[in-house]
Amino acid sequence: MSQISDLRHVTVLLDEAVAALAVRPDGLYIDGTFGRGGHSRLLLRMLGPDGRLLGFDKDPMAIATGQALAAEDGRFVVVQRSFAELSDELRERGWMGTVSGVLLDLGVSSPQLDDPDRGFSFLSDGPLDMRMDPTRGVSAAQWLADASEDDIARVFKEYGEERFAKRMARAIVQRRGEAPFTRTADLAKVVTDANPAWEKGKNPATRAFQGLRIFINNELGDLERGLDAALEALEVGGRLVVISFHSLEDRIVKQFMRRHAKGEADKLPRDLPIIPKAFEPRLKLLGKPQYASDEEVKANPRSRSAIMRVAEKLR
């Protein structure tokens, strides 16, 4: 397996995301997707001696990096949990409703993609795993061994937005009758051969692999739970900053922020003279969605699909 030091991660929208948090020196902050700690390290430089930062990650290698940082800086703690479990962790610490900012940098990290042993990439051969925490849950290989053709097609279509999902699912079920799928290159070849119309500039296995990864890790379900938990965790005036990398994630984030920025006054009678507080907006949208600059995209092509949205808690 590749060593931690071998795999470099370039943090996307580093300065922009931390600036959007409007860091207070004595604030309590959450990095819900620690990764290799790019955002966390910059945030710690802006915190004073009374500030605190709590990091979350499911990946054991990210946790190892986080524990090394925690040993250097007593203001930082990292836990091996999904940010979807944010509420449970914060209640245990007595932090609910007192957090000054929550940062979520979604998706898969460069070290995860670049390490063939993790099974995320179709560009290099490795075990077909795809779990962000390899010690929990079912691997991609295990799921593909038993899933029905309809379920495979649904995962590719819903989570990968793959228009040839049925063709690919049929090809997988036919081939696994001869031998199970255990390697990424094997799966990539089968779905590539089943793709009759390759998109220019995109590997034909991209969407299938994305869909399978999102499903295996319950990424969209975790995001929905995590956003709800983040809103409850924040203090009034606290910031929520989310960086997404594909349309499915961004749609959830956008709809969540807009829903809470709108409030629920439309559910009340039109002639009601005063809107009850429970129906008032809970979030204020701050600025327009932000994208990586041309310079950042040139230096780090993986940043080209990043989109950052920011909101502030009103109540």
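Quick one: Thr135 ticks every box in (1) more than 18 Å from Phe122 (Cα to Cα); (2) at pLDDT 95 or above; (3) not aliphatic (A, V, I, L, M) except a single one, so which number is it?
The failed condition is (2).
If I filter segment 86-119 down to residues being among the polar types (S, T, N, Q) and in contact with a strand residue (DSSP E or B) (Cβ under 8 Å, 6 or more places away or on another chain), which single residue comes out as nearest to Met132 (Cα to Cα)?
Among residues in segment 86-119 that are among the polar types (S, T, N, Q) and in contact with a strand residue (DSSP E or B) (Cβ under 8 Å, 6 or more places away or on another chain), the one nearest to Met132 (Cα to Cα) is Ser100.
Test Thr135 against the criterion of being open to solvent by 40 Å² or more (accessible area, probe 1.4 Å), touching an Asp or Glu at 6+ places or on another chain (Cβ under 7 Å) and hydroxyl-bearing (Ser, Thr, Tyr), and give yes or no.
So Thr135 fails the test.
Can you pull out every residue in segment 190-210 that is loosely packed, with under 15 Cβ neighbours inside 10 Å and under 22 Å from Arg118 (Cβ atoms)?
Lys202
Before we move on, is Val102 in contact with a helix residue (DSSP H, G or I) (Cβ under 6 Å, 6 or more places away or on another chain), buried (at least 24 other Cβ atoms within 10 Å of the Cβ), of a type in the set (Val, Ile, Thr) and under 30 Å from Phe215 (Cβ atoms)?
Judged against the criteria, Val102 is a match.
Tell me, which residue of segment 245-259 that is in contact (Cβ under 8 Å) with a residue 24 or more places away in the chain, part of a helix (DSSP H, G or I) and open to solvent by 40 Å² or more (accessible area, probe 1.4 Å) is farthest from Leu314 (Cα to Cα)?
Here the residue is Ser247.
Tell me which of these Ser121 doesn't satisfy, since it passes every other one: (1) surrounded by 22 or more Cβ atoms within 10 Å (Cβ to Cβ); (2) part of a helix (DSSP H, G or I); (3) at pLDDT below 95.
In the conditions (1) surrounded by 22 or more Cβ atoms within 10 Å (Cβ to Cβ); (2) part of a helix (DSSP H, G or I); (3) at pLDDT below 95, Ser121 misses (2) alone.
Looking at Leu103, Leu113, which one is part of a helix (DSSP H, G or I) and of a type in the set (A, V, I, L, M, F, W, C)?
The conditions single out Leu113.
Name every residue in segment 174-189 that is of a type in the set (Ser, Thr, Tyr) and either more than 29 Å from the chain's Cα centre (by Cα) or open to solvent by 40 Å² or more (accessible area, probe 1.4 Å) (or both), in order of residue number.
Thr182
What are the pairs, 6+ residues apart or on separate chains, where a residue within segment 297-315 that is under 11 Å from Val12 (Cβ atoms) has its Cβ under 8 Å from a residue that is in a strand (DSSP E or B) and among the hydrophobic types (A, V, I, L, M, F, W, C)?
That search, which allows pairs on different chains as well, returns Ala306/Ile243; Ile307/Ile243; Met308/Val241; Met308/Val242; Met308/Ile243.
Show me the helices (runs of 4 or more DSSP H) found entirely inside segment 1-90 where at least 1 residues are of a type in the set (S, T, N, Q) and buried (at least 18 other Cβ atoms within 10 Å of the Cβ).
In segment 1-90, the matching helices (runs of 4 or more DSSP H) lie at 38-46, 60-72.
Residues of segment 156-172 being touching a residue at least 40 places away in the same chain (Cβ under 8 Å) and more than 14 Å from Ala205 (Cα to Cα), which ones?
Selection gives Glu158 alone.
When you go through (1) more than 27 Å from Arg309 (Cα to Cα); (2) at pLDDT 95 or above one by one for Asp105, which number turns out not to apply?
Of (1) more than 27 Å from Arg309 (Cα to Cα); (2) at pLDDT 95 or above, only one is false for Asp105: (1).
The values are calculated or read from the model by the stated rules, or taken from the named source; none is laboratory data. This one's a predicted model, so the numbers in the text were calculated from it and none came from an experiment. Note: ideal-geometry Cβ built from the backbone for every residue, glycine included; neighbour counts use all protein chains shown. All accessible areas refer to the heavy atoms of the entire protein, side chains included, with ligands and DNA or RNA removed. Shrake-Rupley method; radii C 1.70, N 1.55, O 1.52, S 1.80 Å.
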